[in-house]
Amino acid sequence: MKYWAYLIAKLTVALGIMYVLRRILILAQPVPSPYSYYRQDPFAHDLTYTFLMLLYSLFGAGLIWLIVLDQRYRCRSCLRRLRMPIQTGSWTHVLFGAPRTEYICLYGHGTLKIDDLQLTGRQGPDWEPHEDMWKELCSLEDSKK
Ligand SMILES: [Zn+2]
């Protein structure tokens with residue numbers, strides 16, 4: 001729940017930034033001629049404005065892409081960035097161990113496995129939450145006694 005709330009919060013902040021940027025772009029436009037009979041939309045009529053809108057949309061798409069990319073590599077429990085990527089599998093033995101990259105949360109909440117080879121279409125990342133590591137350690141101590 002916290003994971004999705006954080007994503008929605010980031011998207012809301014990005015929406016606010018895009019709104020403010022849009023207002024600035026509109027205010028920066030030159031005043032239309034007072035002799036024109038009607039006000040036409042400058043998009044597709046004014047080259048500068050149209051080019052600015054192109055850059056504005058590219059900036060918006062890039063911002064959303066960065067937010068989704070950042071969210072993908074965050075821990076689902078504590079929202080910290082996942083660390084320590086390790087390559088597993090082999091590119092020469094695809095059938096017995098396809099290459100993948102594994103990231104872990106430094107606080108032991110889980111592991112994210114991302115397939116590097118996507119033969120059967122796009123496969124989403126595989127998040128595996130870990131059990132409580134202290135409970136596991138205590139059970140090992142109890143079994144030694
Ligand atoms: Zn974590």
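Only the coordinates and a few stated rules stand behind these numbers; no lab work does. All of these numbers come straight from a predicted model, not from anything done at the bench. Cβ: placed from backbone, ideal geometry, glycine included. Neighbour counts: every protein chain shown.
List the residues, sorted by chain then number, that are 5 or more residues from Arg74 or on another chain and whose placed amide H is less than 5 Å from its amide H.
Leu82
Once you treat every alpha carbon in the chain as an equal point and sum by Debye, what is log10 I(q)/I(0) at q = 0.18, 0.21 Å⁻¹?
Here the Debye-derived log intensity ratios amount to -1.09, -1.24.
Could you point to the residue in Ala61, Gln71, Tyr49 farthest towards the positive end of the range 1-120's charge dipole, with +1 and -1 charges on the Cβ of Lys/Arg and Asp/Glu respectively?
Gln71
Would you grab the residues whose amide H sits under 5 Å from the one on Gly110? Only those 5+ places off in sequence or on another chain, please, with H modelled 1.01 Å from N.
Cys105, His130
Which residue, Ile114, Ile67, Ile24, tops the fluctuation ranking in a GNM of the chain built on C-alpha contacts under 10 Å?
Looking only at Ile114, Ile67, Ile24, the largest GNM fluctuation is found for Ile24.
Across the chain, how many lysine pairs, 8 or more apart or on two chains, come within less than 26 Å at their alpha-carbon atoms?
Step by step, the pairs that qualify in the chain add up to 7.
Under the rule of -39500 (n - 2.57) per DSSP H run of 4 or more residues, summed and divided by the residues of the chain, what mean residue ellipticity at 222 nm is obtained, to the nearest 500 deg cm²/dmol?
-15500 deg cm²/dmol
For the residue pair Val94 and Leu27, what label-to-label distance in nm results when each label sits 7 Å from Cα along the Cα-to-beta-carbon direction?
Calculated label separation equals 5.5 nm.
Which value in nm describes the separation of the simple spin-label points at Met53 and Tyr35, placed 7 Å from the Cα toward the beta carbon?
Result: 2.6 nm between the two label points.
Take the chain, mark every one of the chymotrypsin sites (Phe, Trp or Tyr not before Pro) that falls in a DSSP loop and has at most 12 other Cβ within 10 Å, then report the longest stretch left between them, sites excluded.
44-90
Roughly how many nanometres apart are two label points built 7 Å out from the Cα toward the Cβ at Tyr6 and Phe43?
3.4
Which residue fluctuates most in the GNM of the chain (Cα springs below 10 Å): Ser33, Ser90, Ser77?
Maximum fluctuation in the GNM of the chain, among the listed residues, is at Ser33.
Can you bin the range 67-144 into rounded, prolate or oblate? Criterion: square roots of the alpha carbon gyration tensor eigenvalues sorted a ≥ b ≥ c, rounded for a/c under 1.5, prolate for a/b above b/c, oblate for the rest.
Working: a/c = 2.88, a/b = 1.46, b/c = 1.98.
Cα axes put the range 67-144 in the oblate bin.
Express in nm, to one decimal, how much length is gained between Thr120 and Cys78 on full extension, taking 0.36 nm for each residue of separation and deducting their alpha carbon distance. Kindly include the intermediate steps, with their values, before the conclusion.
Values: separation 42, 0.36 × 42 = 15.12 nm, distance 3.18 nm.
The span from Thr120 to Cys78 would gain 11.9 nm if fully extended.
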